Every structure is written in structure tokens, then in C-alpha cells.
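The block underneath contains the structure these notes are about, expressed in C-alpha cells.
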Amino acid sequence: MDRPALDFGFSPCPNDTFAFHALVHGLVPGLRVTPWMDDIEALNARAERSEGELTKLSIPAFGRVRDRFVLLRAGGAAGFGVGPIVVARSPREVGGRVAIPGERTTAALLLRLLGRFETVAMRFDQIEDAVVRGDVDCGLLIHEGRFTYQAKGLTLLTDLGNVWEERMQCPLPLAGIAIRRDLAPTLSAVANQALRASVDYAFAHPEASRDYVARHAQEMAPEVTERHIRLYVNDYTRALDEAAVQRMLTFGEQEGLFSPVSDNLALFA
């Protein structure tokens with residue numbers, strides 16, 4: 001008897017809907033999934049509650065749940081030039097009240113590369129407007145914010161991806177796909193293969209997911225959608241850089257966000 005479809009959590013952002021369209025629609029063999037879409041911080045919180053079977057989550061969020069989940073190599077988000085950016089209404093030093101897209105996000109951890117600040121957590125798609133209104137002094141933008149802040153009259157203060165790359169000398173690992181540890185022995189290999197096949201299908205058939213991506217893109221301009229996909233779906237989506245992930249987790253441990261593991265738990269399935 002076939003196993004029921006795996007609960008698969010990922011975001012409605014264009015990079016995810018593009019990469020996982022083939023898997024969700026049964027266009028690649030090996031795994032059936034039932035999609036659960038939400039904002040990345042909501043997915044992080046869901047994993048922290050031990051909900052879901054297969055899920056995308058920020059790398060620092062994985063640090064909090066690595067006793068219950070294990071990473072797959074395929075389906076993640078990483079690379080060079082992909083980091084979050086800090087913006088403000090006019091040139092200034094980073095500081096004051098800084099809006100962040102969630103306490104568990106990679107962006108929030110990267111902000112600590114610059115120091116400790118008063119932060120205000122909100123959904124990623126509310127941050128630009130909060131800066132424009134003056135509700136916060138600076139905003140930490142992820143996803144399409146990298147492409148849209150100038151149209152709202154905001155000023156780039158710093159690119160945290162550049163700070164990470166210069167300091168750590170490795171690609172920036174933003175997020176990965178994790179599977180519950182109890183499912184990993186029997187399903188991690190097939191899940192990883194299916195995720196990679198889905199990414200490969202997306203690269204080979206870029207038009208196939210166009211309607212699916214547009215439906216979930218929250219009225220994003222088509223040119224922004226295209227830039228978003230080109231930036232965040234890359235070779236690292238086929239296979240995360242394991243050393244970079246370990247460096248991110250070590251940094252999170254040093255910052256006191258989560259404790260080092262003491263029993264040599266494997267990071268990857």
C-alpha cells in the first residue's frame with residue numbers, strides 16, 4: 001500500500017513555487033506531497049512546534065529543531081549575492097528600531113554581524129511600508145525587497161550577504177528543506193531525489209510553472225518575479241553547501257541563539 005502524501009511546507013515566494021511546482025503537481029517520480037504554504041517565519045515556528053513532515057525553514061531555525069529534523073541537500077536557498085539588505089528612508093548608520101522578518105530567520109541572525117539592535121519583528125512583506133511610514137528607523141528586507149525598495153524611495157544602508165561573504169569566505173545559506181528524523185531512515189533519500197528532480201524539471205521547463213508562480217506571487221510585477229527566481233534558484237538549490245550550513249550554525253551557537261548539540265547528531269540525512 002502506498003504511503004500517504006507527505007505534508008510539505010514551503011513559501012509562496014516565486015523561488016519556491018518555481019522550484020517545487022513539478023513535485024507538487026506529480027511531474028517527477030518518487031514522492032507525493034500535500035503542500036502547506038506560508039511565510040518563512042511561520043514555517044519556522046511550525047517546525048519548532050514539531051508540526052509538518054517535510055518543510056522549508058531558515059538555517060538558524062533548523063538550529064533550534066535539529067534534534068527533531070534533519071536537512072536534505074536539495075531544495076534549499078543559498079549562494080552569493082543573495083543576502084538580506086538593510087534600508088532606511090535616508091542615509092544613516094544602522095541602528096535605532098530595526099524591523100526584522102522574524103526572530104528565527106537567517107536575516108535576524110545576520111544582523112548580529114553588525115551588532116545588537118532593538119528589533120521589531122513583522123511579516124517580511126510589511127517591512128518596507130513600516131520604514132516608509134517611519135514606524136521603524138531601519139528595515140531588514142528579504143525576498144523581493146531587494147528589488148523593490150528603491151521604487152518606494154528607500155536607501156540601501158548595507159548588504160548583509162556581502163558582510164557574511166567577506167567575513168566567512170563562503171556562500172550564504174539562507175534556508176533548507178528538513179525532514180522529520182523519524183521519517184528520515186526510510187524517506188530522506190527518495191525525498192531528496194524528488195526535490196532535486198523538481199528543481200531540474202524547473203530549469204529544463206521554465207514555462208511550465210508560470211501560472212502557478214504568478215498565482216502565488218502576491219501581485220508581484222512579472223519582471224520582479226523573474227529576477228527573484230534567477231537570484232534564488234541556482235546550483236545550491238540542487239545541493240546545499242554543507243560547510244556553509246555548519247558555519248551558520250556555529251555562528252548561531254556563538255550568538256547564543258541555540259545550544260551546541262552534544263550527541264553528534266547528523267545535520268544531513
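The values are calculated or read from the model by the stated rules, or taken from the named source; none is laboratory data. Keep in mind the model is a prediction, meaning the values are calculated, not measured. Every residue, glycine among them, receives a Cβ derived from its backbone with ideal geometry; neighbour counts consider all protein chains shown.
Can residue 240 be described as within 26 Å of residue 113 (Cα to Cα), in contact (Cβ under 8 Å) with a residue 40 or more places away in the chain and either of a type outside the set (Asp, Glu) or not assigned by TED's automatic domain parsing to the domain that holds residue 68 (or both)? So residue 240 fits the description; yes. Go through segment 216-261 and count every residue that is modelled with pLDDT of 95 or more, touching a Gly at 6+ places or on another chain (Cβ under 9 Å), within 14 Å of residue 63 (Cβ to Cβ) and crowded, with 16+ Cβ neighbours inside 10 Å. The number of residues fulfilling the criteria is 4.
A single entry from 150, 169 fulfils the requirement of being free of Cβ contacts under 8 Å to residues at least 60 places away in the same chain and within 14 Å of residue 248 (Cβ to Cβ): 169. Can you say whether residue 264 is over 24 Å from residue 124 (Cβ atoms) and not in a helix (DSSP H, G or I), as far as the supplied structure shows? Taking the combined requirement at face value, the residue satisfies it. Restricting attention to segment 201-215, the residues that are closer than 28 Å to residue 70 by Cβ and buried (at least 19 other Cβ atoms within 10 Å of the Cβ) total 3.
Regarding residue 14, is this residue surrounded by fewer than 18 Cβ atoms within 10 Å (Cβ to Cβ) and either assigned by TED's automatic domain parsing to the domain that holds residue 188 or over 27 Å from residue 205 (Cβ atoms) (or both)? No.
Checked against (1) among the charged types (D, E, K, R); (2) within 10 Å of residue 18 (Cα to Cα); (3) touching a residue at least 24 places away in the same chain (Cβ under 8 Å), residue 253 meets all criteria but (2).
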